[in-house]
Structures are given as C-alpha cells and as structure tokens.
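See structure below.
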Amino acid sequence: MIARKPKLSAVKSRRLDETRHEAVLSCGMKLIFAPRPGFEKRIAYVVADFGSINTHWLQDGREYSVPGGIAHFLEHQLFKKKSGDLTDRFSGRGAYCNAHTSHTQTAYYFECVRYFEENLDTLMELALTPFFDRRLVDIERDIIIQEINQYLDHPHWQGYQQLLQSLYVNHPLRVDIAGTEAMVREIGPEQLQRCHAAWYHPTNLTLIVCGDMKPADVLRMADAAASRYAPDTPAPRISPQLPPEPGAVAAPRAERRMFVARPRLLLGFKDPGAPEGRELARLDLVSGVALDALFSRESEAYERLYAAGLIGGDFGAGYQAEKGFGYAVIGGETSDPDALYRELLMVLDDARARGVDAGLIERKRRKFLGGYLRAFNDPESTAYAYLGALGQRHELFDVPALADSITAEQVNARIQEMFDPARRAASIILPQAG
C-alpha cells in the first residue's frame with residue numbers, strides 16, 4: 001500500500017454555525033472530526049459499511065455468500081484478542097465502550113474524559129486486528145444463540161421482525177440482525193476472517209470523533225493509530241448483491257401469540273425509497289413530517305384513539321430509510337388490534353383523499369428543523385447525526401436546506417405514495433389463549 005500524507009479540510013455550514021474537519025488517513029480510512037468546545041466528554045466511532053443485509057457480494061470478480069447474522073457475530077468477536085477482551089482495557093482507563101450492528105452498518109465506539117489517545121489506539125486495534133481463535137468463536141457462538149433465544153420472548157422485537165417478514169419477500173431485511181440459531185451455528189473462524197478481510201479494509205471504514213480537541217491533534221493521533229494496525233493490502237473491489245424485491249408485500253397480515261398482557265399492532269408500509277444520498281435524505285424528511293402531522297401526540301388521531309382506549313403511551317409512527325430501502329411503521333400496544341387497524345386505515349384514507357392542512361405541515365416542518373439544530377448541542381447527538389448521514393450517504397449539512405424546501409404539496413404527494421394499500425402489512429401480537 002502506498003502511504004500518503006493525510007491533509008485536513010474544513011467543511012462549514014453557516015446555517016448551523018458548524019464546522020467539521022475531514023481527511024483520508026494514510027491507510028485509506030476516512031476521518032470526520034466535529035469539535036465540541038467546552039465538553040469534557042470525547043467520543044470516537046469506527047463505522048464499517050457492513051451490516052446484516054450484506055450476506056452476498058462480488059469481490060474482485062468472485063461471488064461470496066455467508067450466513068445471516070455474521071455482521072453481528074463479527075461485532076461480538078472483534079472485542080476478543082489474544083491478549084484478552086478489549087472491553088477490560090477500555091474500562092481500566094475509565095472509558096465506556098460498546099458496539100451495535102444495523103442493517104447496513106456496524107459501529108464500535110468509546111466515550112471517555114481522559115486517555116483519549118490511548119483509547120483511540122485500542123479502538124483501532126479492535127477494528128483492524130482480527131483474532132478468530134476457534135475456541136473463542138465457539139464460546140461466542142453460544143452467547144449469541146442465548147441472546148437470540150432471549151429475543152424470541154421479546155414481544156416488541158418479535159412484532160417488529162414479523163412485520164419485516166410480512167413486508168418483504170426476498171430482501172434480507174426479513175432476517176433478524178442477529179440471524180437465527182441455525183445460521184449462527186454455520187459461522188466459523190474462516191467465514192469471519194473472510195468478512196473482515198473484505199469489509200473491514202480501512203478504505204471501507206470511517207472514524208468519527210467529537211470532542212474538545214484541536215483538529216491537527218486528532219489527525220495526528222488517528223493517523224498514527226490507524227497506521228499501526230492497518231493491513232498492508234490493496235483495497236478489495238466489493239459490490240453488494242441483493243435479490244430482486246417485488247413491489248407487493250409477502251403477507252398482508254401476520255399474527256403470533258405470546259405471553260403479553262395486551263395485544264400489539266404494527267401497521268407497516270413497504271416503500272421503494274431512494275438509492276442513496278440527497279434524494280433519500282429528502283424522502284426521509286418529507287415522510288417524517290407526514291407521519292408527525294398525522295400521528296404525533298398533538299394530532300387529532302392520537303387524542304381520539306387515546307380517549308377511546310385503543311392506544312397507550314408507547315404508540316408511535318416513524319419512517320426508517322437507509323441505502324436502497326425504506327418503510328413506515330405505525331402502532332403500539334392496544335386493547336383491540338382489529339379496531340385500531342380499522343381506525344388507522346380511516347385516518348390514512350382520509351389523509352389521502354383530502355390532504356393535510358398546509359398550516360399543520362408548516363408547524364411540523366419547523367418542529368423538525370428546531371430538533372435538528374439541537375442535535376449539535378453535545379458530542380453524543382452530533383456523532384449519532386453523522387452515523388445517520390453515513391447510513392443514507394448524504395451530506396449532513398444539506399439537511400436544513402432540504403427541510404426549508406418542504407412544501408405541503410410535497411407532503412401530501414408523499415402521503416398518496418407512501419400509504420399505498422397494496423404495500424401495507426399488519427403485524428399483530430396476541431396474548432396466549434386461555
């Protein structure tokens with residue numbers, strides 16, 4: 001690998017009164033640094049562009065396939081090294097560390113007040129130096145299977161997963177992020193090594209840092225740590241492969257009985273979304289404003305359904321969108337899932353027929369914009385905002401302008417498109433009979 005001296009560039013947003021600093025490190029890893037003057041806490045994330053849906057890919061002209069759940073398995077396993085569990089090293093310095101896997105990303109992070117440079121070095125070691133000892137892999141497999149089995153009794157998660165299985169026919173969104181027990185039992189050191197070599201090359205990683213530090217110091221520390229552990233290998237050419245997905249849903253309704261006190265209904269709408277970038281960010285914003293206008297706690301629908309005893313405090317509505325997919329989810333616990341289902345459809349049918357008032361849409365647009373501006377108040381929310389932008393592959397500083405451009409016509413057109421009856425499915429969790 002030909003090393004190149006990294007150089008910082010500043011990216012500014014006048015609207016946000018925000019400046020971030022970017023660089024490509026000598027090993028090819030991307031760096032994003034958002035200064036947060038006055039905060040003691042410092043945060044660093046290493047984000048791999050590798051999530052649960054990436055089970056099939058082309059690499060340098062060759063096709064690869066791995067079991068579902070392997071991205072999550074890899075997340076667990078990377079903390080284990082020949083020297084021990086790196087969690088102990090972080091905690092020994094008073095730092096908190098953790099990781100999480102989504103459909104499209106795996107992120108590893110720490111939060112600290114002291115010893116940032118030492119913790120950053122450990123974070124790079126974690127991400128870049130795999131150690132897939134068969135005995136440790138076998139131990140971790142059993143731990144993950146226990147975790148999967150615990151979630152089988154979690155009604156909220158099972159209702160959500162049942163909804164995705166109802167919405168999607170072929171897409172790997174159907175598979176739980178952790179996989180199934182059968183899938184996890186197929187995973188061994190060789191497959192973990194294959195995934196790490198392909199997807200954890202530094203050119204497929206992004207380091208996000210937030211805190212009260214000087215940009216030049218962050219660049220120096222990051223480049224030194226990444227160079228210490230990065231492999232001297234060329235970047236693989238990877239092309240993710242996804243199966244074709246029809247517009248229709250897999251099943252319009254699915255039910256399951258569990259040990260719950262109250263039933264639970266999730267109404268979902270499968271959305272083609274947008275490939276990525278600015279248009280996906282715009283679609284996400286317009287969809288969020290539409291759902292907030294229709295179902296927020298200030299909405300007429302919420303007040304009426306709550307007064308009727310059909311919903312409780314956990315009722316909500318949201319739109320999830322990442323590269324190449326999107327879906328809307330509405331619902332929560334209810335005394336009568338069939339009655340709530342009918343009422344929700346009435347609200348949506350009325351919105352599609354008559355539209356939503358322009359004044360209400362404008363209030364919701366301003367509400368979103370205010371919340372977005374507050375997202376840069378502290379290191380944690382700032383880092384999380386950059387994670388979201390990476391998942392959608394859009395420019396974070398474009399969001400205020402996109403929000404400014406939202407019109408009532410766009411929101412009402414989105415309501416027409418998003419709530420197409422042909423693309424809806426209901427997931428219902430019922431109490432055990434008797």
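Pairing residues of region 200-216 that are of a type in the set (Gly, Ala, Ser) with residues that are part of a helix (DSSP H, G or I), at Cβ distances under 9 Å and at least 6 apart in sequence or on separate chains, gives GLY211/PHE116; GLY211/VAL218; GLY211/PRO379. In region 162-178, which residues are in contact with an Asp or Glu (Cβ under 9 Å, 6 or more places away or on another chain) and not hydrophobic (A, V, I, L, M, F, W, C)? Of everything in region 162-178, those that are in contact with an Asp or Glu (Cβ under 9 Å, 6 or more places away or on another chain) and not hydrophobic (A, V, I, L, M, F, W, C) turn out to be GLN162, TYR168, ASN170, HIS171. Test PRO275 against the criterion of being exposed (fewer than 13 other Cβ atoms within 10 Å of the Cβ) and either under 17 Å from LEU163 (Cβ atoms) or under 23 Å from the mean Cα position of the chain (by Cα) (or both), and give yes or no. Against the criterion (exposed (fewer than 13 other Cβ atoms within 10 Å of the Cβ) and either under 17 Å from LEU163 (Cβ atoms) or under 23 Å from the mean Cα position of the chain (by Cα) (or both)), PRO275 qualifies. Of all residues in region 64-81, those being free of Cβ contacts under 8 Å to residues at least 60 places away in the same chain and either more than 16 Å from CYS97 (Cα to Cα) or touching a His at 6+ places or on another chain (Cβ under 7 Å) (or both) number 1. The condition of being modelled with pLDDT under 95, of a type outside the set (A, V, I, L, M) and over 30 Å from ALA44 (Cβ atoms) holds for only one of ASP138, ASP142, ASP153, that being ASP153. The residues listed here are ARG253, ARG264; of these, the one that is in contact (Cβ under 8 Å) with a residue 24 or more places away in the chain, surrounded by fewer than 21 Cβ atoms within 10 Å (Cβ to Cβ) and of a type in the set (Lys, Arg) is ARG253.
In region 82-95, is there at least one residue being among the basic types (Lys, Arg) and in contact (Cβ under 8 Å) with a residue 40 or more places away in the chain? The answer is yes; a qualifying residue exists. Would you confirm whether or not region 333-340 contains a residue that is within 23 Å of the chain's Cα centre (by Cα), in a strand (DSSP E or B), crowded, with 22+ Cβ neighbours inside 10 Å and touching a residue at least 12 places away in the same chain (Cβ under 8 Å)? Within region 333-340, none of the residues are within 23 Å of the chain's Cα centre (by Cα), in a strand (DSSP E or B), crowded, with 22+ Cβ neighbours inside 10 Å and touching a residue at least 12 places away in the same chain (Cβ under 8 Å). Considering the conditions (1) outside any loop (DSSP other than H, G, I, E, B); (2) touching a residue at least 24 places away in the same chain (Cβ under 8 Å); (3) of a type in the set (S, T, N, Q), ASN54 is excluded by exactly one of them, (1). Considering region 104-147, and only residues there that are assigned to a helix (DSSP H, G or I) and free of Cβ contacts under 8 Å to residues at least 40 places away in the same chain, the residue that is farthest from the chain's Cα centre (by Cα) turns out to be ARG135.
Can you pull out the helices (runs of 4 or more DSSP H) entirely within region 176-246 that have at least 1 residues that are of a type in the set (Phe, Trp, Tyr), in contact with a helix residue (DSSP H, G or I) (Cβ under 7 Å, 6 or more places away or on another chain) and surrounded by 16 or more Cβ atoms within 10 Å (Cβ to Cβ)? Explain how you work it out, then say what you get.
Values: elements: 181-186, 189-199, 215-229.
Qualifying helices (runs of 4 or more DSSP H): 215-229.
Within region 68-103, being modelled with pLDDT under 95 and buried (at least 22 other Cβ atoms within 10 Å of the Cβ) holds for no residue.
Would you please name the residue that is farthest from ASP212 (Cα to Cα), looking only at residues in region 1-23 that are surrounded by 13 or more Cβ atoms within 10 Å (Cβ to Cβ) and in contact with a strand residue (DSSP E or B) (Cβ under 6 Å, 6 or more places away or on another chain)? Once the filter is applied, the top-ranked residue is PRO6.
Checked against the criterion of being crowded, with 18+ Cβ neighbours inside 10 Å, at pLDDT 90 or above, among the aromatic types (Phe, Trp, Tyr) and not in a helix (DSSP H, G or I), region 396-419 contains one or more residues that satisfy it.
Note on region 133-159: residues that are under 24 Å from ALA48 (Cβ atoms), touching a strand residue (DSSP E or B) at 6+ places or on another chain (Cβ under 9 Å) and surrounded by 19 or more Cβ atoms within 10 Å (Cβ to Cβ) total 2. Quick check on GLU380: is it in a helix (DSSP H, G or I), under 20 Å from the mean Cα position of the chain (by Cα) and surrounded by 14 or more Cβ atoms within 10 Å (Cβ to Cβ)? Yes: the conditions hold for GLU380.
The values are calculated or read from the model by the stated rules, or taken from the named source; none is laboratory data. Worth saying up front: this structure is predicted, and the values here are computed from it rather than measured. Heads up, the Cβs are rebuilt from the backbone with ideal geometry, glycines too, and the neighbour counts pull from every protein chain shown.
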